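Written below as C-alpha cells is the structure these notes are about.
Read-outs throughout are calculated quantities, based only on the coordinates presented, and are distinct from any laboratory measurement. Source: prediction; values computed, not measured.
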Amino acid sequence: MDATADELAGVVDLFGGLTRSELERALEEAAFRADGGDVDSDVLESGIDGALDSFALVAYDPLEPPTPDGTEPGEPLLVAGPTAFPTVPDGAEDVPHILDVEPRRPDRETLGETVRGEFVAAADAAVDDGDDDRIETLLDVSYDIETWAPVDLADERARLEGALE
C-alpha cells in the first residue's frame with residue numbers, strides 16, 4: 001500500500017493522532033484488509049516525511065507526562081495537518097476496532113505553536129536557499145495554518161513576500 005499524504009492524514013485522524021510505529025501498524029492492517037497487500041517501510045517513511053514537509057501531517061510532541069492522550073514525552077504523535085484533506089484509505093475503516101489505541105485529543109494551542117515553529121523553520125530554510133517556489137507554497141500554507149490553529153503568521157508572511165521582491 002502506497003498511501004497518499006491525505007490518506008496518511010485520514011488514518012491518523014481516525015485516532016486523533018498516532019506515533020510512526022502505530023501508523024505503520026494501522027496501514028499494515030488496512031493493506032491486509034483491502035487486498036492482502038503489505039506496506040513497504042521505506043516508502044512509508046518517505047511518504048510520512050513528504051506529508052510532514054507539506055504540512056499534511058504535523059508531528060506533535062506531548063510536553064509533560066502524563067499526557068491526556070496517553071503518549072509519553074519524546075514520542076511524537078502524527079496528526080492531520082492544516083493542508084490535509086483526510087481520506088480514509090480502503091480497508092482502514094475498521095482499524096480503530098483492531099488496534100489497541102485509545103483516541104487522542106492533542107491540545108490545540110500547543111499543536112498550533114508546534115506548527116508555527118515548523119513553519120518558521122521551513123520559511124527560514126526557503127529564504128536562506130532563495131527557493132521562490134517553496135516560498136510561494138509556504139505563503140499559501142500560512143493561510144491554511146491560521147485557519148487551522150490559533151496562530152498569527154502575518155509577520156512571517158511579510159518576510160516571505162519580501163524575499164520574493
In degrees from 0 to 90, rounded to the nearest 10, what is the angle of the helix 41-53 Cα long axis to the longest principal axis of the chain?
-> 30 degrees
Diffing the stretch 150-165: the Karplus 3J(HN,Hα) column from phi (6.51, -1.76, 1.60, θ = phi - 60°), in whole Hz with x for Gly and Pro, holds x, 9, 10, 10, 4, 5, 5, 4, 4, 5, 5, 4, x, 5, 7, 6
So what is the 222 nm mean residue ellipticity for the chain from helices alone, if each DSSP H run of at least 4 adds -39500 (n - 2.57) and you divide by all residues, rounding to the nearest 500 deg cm²/dmol?
-> -18000 deg cm²/dmol
Residues whose modelled amide H sits under 5 Å from the amide H of residue 104, counting only those 5 or more places away in sequence or on another chain, are 16, 17
Given H placed 1.01 Å from N in the peptide plane, which residues other than close sequence neighbours of residue 60 have an amide H under 5 Å from its amide H?
-> 77, 78, 79
Quote to one decimal, in nm, the extra length available between residue 129 and residue 157 on full extension: 0.36 nm per residue of separation minus the C-alpha distance between them.
-> 8.4 nm
